Structures are given as structure tokens and as C-alpha cells.
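Inspection log for the structure reproduced underneath, given as C-alpha cells.
Any read-out appearing in this document is the output of simple, stated calculations on the displayed coordinates, not a laboratory observation. Remember, predicted model here, so these are calculated numbers, not experimental data. A quick note on method: Cβ atoms are made from the backbone with ideal geometry, for glycine too, and the neighbour counts reach across all protein chains shown.
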Amino acid sequence: MGPLKKDGFHDECGVFGIYGHHEAANLAYLGLYSLQHRGQESAGIVSSDGEKLYSHKGMGLVADVFTSNAIGRLNGDAAIGHVRYSTSGESHIKNAQPFVVEYSRGSIAVAHNGNIVNAMLLRAQFEAYGSIFQSSTDTEIIVHLIASSKEISISDRIIYALKKIRGSYSLLFLTEDSMIAARDPHGFRPLSLGRLKGAWVVASETCAFDLIEAEFVREIEPGEILVINKEGIISYKPFPKAAYTPCVFEFIYFARPDSTIFGANVHAVRKKLGERLAMEHPVEADIVIPVPDSGVPAAIGYASASGIPFDKGIVRNHYVGRTFIEPKDAIRHFGVKVKLNPIKDIIRGKRVIVVDDSIVRGTTSRKIVKMIRGAGAKEVHMRISSPPTICPCYYGIDTPRREELIAASQTLEEINDFITSDSLGYLSVEGLYKAVKEAGASFCDACFTGRYPVDILKEAAPQLALFK
Ligand code: AMP
């Protein structure tokens, strides 16, 4: 879910839900802990004891937002939770999820990962009739649609609402008596179902199941709605069949390597991306090093396919917060140095291949190349385990506007000059597909090709016009 903005959408999130466990809130907290990489801006849990919903949300990391007292106040056997990504604008508690409302039929909470591309248009229609919105997120439109539905049952109300929205969504709802999970017809974002003794568990990624020792049951299917309550679990598939286009960038960067998403293990896929990269862009060198942590699996793959030794040439400080107090006398490249530090003894005098998963604006790669050279490398060859990022994402990954994407306007040579590497190689789109083939043949690859599975011009353009 994301704030409604005219320059596109900024959001990446994780969702977790559990139904039928006496420690629901505590397990939701642990589930969110495992999904922390999907969002660091805010965290929240809403629980239900069968009669009432209880909510606790805050800005910051899961471990900072929840104390054991706060978890203790989240009564009941069912809970849903959400982590939201840190982005430039609209960082506000009012946008933290799960979003809870009271309406004519009771209470409902919603947690959303994805992006509703026609949210602005729908919101303008509601506002024209006097509706008042509490947040600036696209997610809130869903509860307005549910509340305005003439249907009786919650499942029919949710179906009514989801039929009106376009874009990407992996959703969890909680009412007094039911937990409902839904995945959009294209299946953009991952969402899996698990079992923990008698309880049902749903999570964005399977790494959340591992921590709480839940068993993976299956992925929630594209276009599927699962209603879980005392009566059991019911699956609905109310949408016309759409092309299955899961997000390939989940494999490249976003998901955790220990997760299985879209039918394949993320680490294994990343290693294959690195192997393909080595086949497409070989270069004579002494050592392969990853940009930690995102480049590690691809660098392992590159090293094994090329036969060039892998080593850890850069160490990452995992405890870096948001702001640093800089010394008055400026230190060169201070920002990147706080986070990453080269191991000079490994790098000095070597021809180094540096592997990262992607280049967005190019500023990180530029700093890293300078850092490696500063550590005494003889040559620095940059290798990227994805194709050039040329288009923004409208389905739930935080990418900047097209103007800021270096590969949208610059050639390979120009990017190589900008980042000051001796050579630069990106994986081809064909190579990407060969590496992910285990997970299927079709993906959303819009960030690399500009082919948007849900028509952005048709859906988003009228919304953008509202802001002119
Ligand atoms: P940049 O300096 O903008 O080129 O950033 C590139 C770095 O950002 C790479 O190391 C990527 O691993 C990382 N990255 C790529 N996509 C994202 C994203 N959506 N959110 C945060 N970091 C990202």
C-alpha cells in the first residue's frame, strides 16, 4: 500500500496473519519480525477476541514499536500485522497499517501489500459524495468500498470491493469473527498459506513461517480469496482469469533469500542470475566480491560459473540508523562509509569483479567503485544481476521517477563512465528469464521492459489529471 502521490507510488510492505492460536498477537509480532526487510517505516498488529478488535501501531522497526505489554493488550486468537517501507514522503502514523474502521456491520482491519492504480479516481468519486478519508493511502479506498457495498456477507462485500480495484494486492482482513486473505488476479506480490498446529497462518513470505515453526501449505492463488473462521476455510475465485504476472524484482532484490516465493527458492534463483551473468559478461579478474547483502547470492553464482574465487571484499555495518551526526570537517563519501567498508588486504592490487543486484540512480555503484579503487584495486568491473532498470514500478516496489533512473536516459557506456568502473555488464532480459524459469515463464518485468500488465495509462492517467 502507498501514499497517493502525483509522482507515482512509494511503497513496499509485508503482511502476516494468524487465525486460531491462543498466542496470536505474539506470533504475529514474530512473523512481522521476519518480514522486517519488506518495510521499516511503521509496524502494526490488530487482533480479535471474537467480539472486538484491538490495535497497536507505531513508527519504526517491529522491535521498537512493540513491547510485551503492548502485545499483551492485543487479545484474542486471531491477528493480522503489517510492516511498511521507509520512503521519502508521507511518513506518518496515520498511514501505518493495519487500517481499522467501524462501519454499519462492525469493525474491519486491513493490511495491504501492493498498489491500487485506480485508487485516486475511486477516492475522488467518494469524496465528491462527501466521504471523508483518514489517511493518504490507496488502501483506505478498499474499506470505503466494503462499507458501501449492498451485499450481506463479508465475503461478498470484499468480492464487491476487489472487483472495483485495479493493480496489485496481497491483502489480509480481520473482522470480529473472520480472517480473510486475498491476492490480485495477476498475483503480483507473493502470499502463502501455512499451518501451525490447529491454526491457519498467512504471510507475504515463507521465512515468516520458519521462525514460528509453521508448515508451508501452499501459495494463495492469483485471484483467490480465502475466508477463515470457526466454520473452517473457504476459497473463492470470483474474478475472470487474468495473466499470471508475479513480480520478477521480488526474486532479484526484494524477497528474503531463505523464502520460497512463486514456487522457487529466492537464494537459488539469485545464484542462477549470477551464473547467467558470468556467461553473458565474462572478464579476466582475480576475485569476485558482492555488494552486501543484496549482491551475495549472485556473486556466489558468478564465481562458481566463472571459476574466479569469491571473497568478501566489503563489510556492511548492520546497525546503521537513519541519521548520523557528521563531523564538521567533512569526511569524503561519509554516507556510504558508515554502511560499507572495504577489506583493503583482500582488494589491494587485484582485478576485482563487483556484483550487485541492480542499479537504480547509479549513486551507490559510483560510491562503491570509488571505494574499491581507494582500497587499492587494480581494476574494478561492475556486474549487475538484472537488466537495466528503465521504468518505474506502479505495483508496489519503491522506484523513483523515470527521470531519476540512470538507465532510462543513459547508454551502457555513459553509465560505465558515471560509475567510473573499468567495465560494466547487466544481465539481459533473456538471461533473466532463463534464470527464473523454474518459477514459471511469465512475470511482470515492467521495470526492465516498460510492459505493464495492468494498463497504467488507462488506469493512472485520469487519476493524475485530478491533481493538475
Ligand atoms: P542506486 O544508488 O539508486 O543506484 O541504488 C542501487 C542500490 O539500491 C542497489 O545496491 C540495490 O540493491 C538497491 N535497491 C534496488 N532497488 C531498491 C529498492 N526498491 N529499494 C531499496 N533499495 C533498492
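Counting pairs of alpha carbon atoms under 8 Å apart in space and at least six apart in sequence, what relative contact order in percent does the chain give?
Reported as a whole number, the value is 14 percent.
What lysines does K337 reach when the alpha-carbon gap must be under 19 Å and sequence neighbours fewer than 8 apart in one chain are set aside?
K312, K328, K367, K370
Per-residue counts of other Cβ atoms within 10 Å, averaged by peptide: what ranking do you get for 304-315, 34-45, highest first?
Packing order, densest peptide first, comes out as 34-45, 304-315.
Just for the Cα atoms in the stretch 237-331, what are the lengths along the principal axes, largest first, rounded to whole Å?
62, 39, 21 Å, listed from the longest principal axis down.
Quick one: grab the alpha carbon gyration tensor of the stretch 204-276, order the square roots of its eigenvalues as a ≥ b ≥ c, and give me rounded if a/c is under 1.5, else prolate or oblate depending on whether a/b is larger than b/c.
Oblate shape, in that a/c is at least 1.5 and b/c is the bigger or equal ratio.
How much of the pair distance distribution for the stretch 367-435 lies past 16 Å, counting alpha-carbon pairs only, in percent?
That fraction is 57 percent.
How long is the chain along each principal axis, judged by its Cα atoms, biggest number first, in Å?
Taking the Cα atoms of the chain, the three principal extents are 70, 50, 46 Å.
How do I158, I132, I165 line up, fewest other C-beta atoms within 10 Å first?
Starting with the residue having the fewest Cβ neighbours, the order is I132, I165, I158.
For the stretch 67-135, compute Rh as the Kirkwood radius over C-alpha pairs and then the Stokes-Einstein diffusion coefficient at 20 °C and 1.002 mPa s; write the answer in µm²/s, rounded to an integer.
145
Let me make sure I get this right: for the stretch 146-210, a, b and c are the square roots of the gyration tensor eigenvalues over alpha carbons, sorted descending. Under 1.5 in a/c it's rounded, otherwise prolate if a/b > b/c, else oblate. Which is it?
Values: a/c = 3.48, a/b = 1.42, b/c = 2.46.
Oblate is the answer for the stretch 146-210, as a/c is 1.5 or above yet b/c matches or exceeds a/b.
Going by average Cβ neighbours within 10 Å, how do the peptides 256-266, 433-443 rank, with the highest at the top?
Result, highest mean Cβ count within 10 Å first: 256-266, 433-443.
Please report the spacing between the Cα centers of the stretch 103-168 and the stretch 56-79 in Å, no decimals.
So the separation of the two Cα centres works out to 25 Å.
Mean 1/r over all different Cα pairs, inverted: what Kirkwood radius does the stretch 27-177 give, in Å?
One decimal place: 15.8 Å for the Kirkwood radius.
So what is the diffusion coefficient of the stretch 296-421 in µm² per second by Stokes-Einstein at 10 °C and 1.306 mPa s, using a Kirkwood Rh over Cα pairs?
99
Normalised by the empirical 2.2 N^0.38 Å for globular proteins, what value does the Cα Rg of the stretch 152-264 take?
Relative to the rule-of-thumb radius for its length, the stretch 152-264 sits at 1.06.
Can you tell me the order of 353-364, 283-294 when each peptide is scored by its average per-residue count of other Cβ atoms within 10 angstrom, highest first?
353-364, 283-294
Which residues in the stretch 289-310 place their backbone N less than 19 Å from a point set 7 Å from the Cα of Y319 along the Cα-to-Cβ direction?
293
Given the -39500 (n - 2.57) contribution per DSSP H run of 4+ residues, what per-residue ellipticity at 222 nm results for the chain, rounded to the nearest 500 deg cm²/dmol?
Mean residue ellipticity at 222 nm (helix-derived): -8000 deg cm²/dmol.
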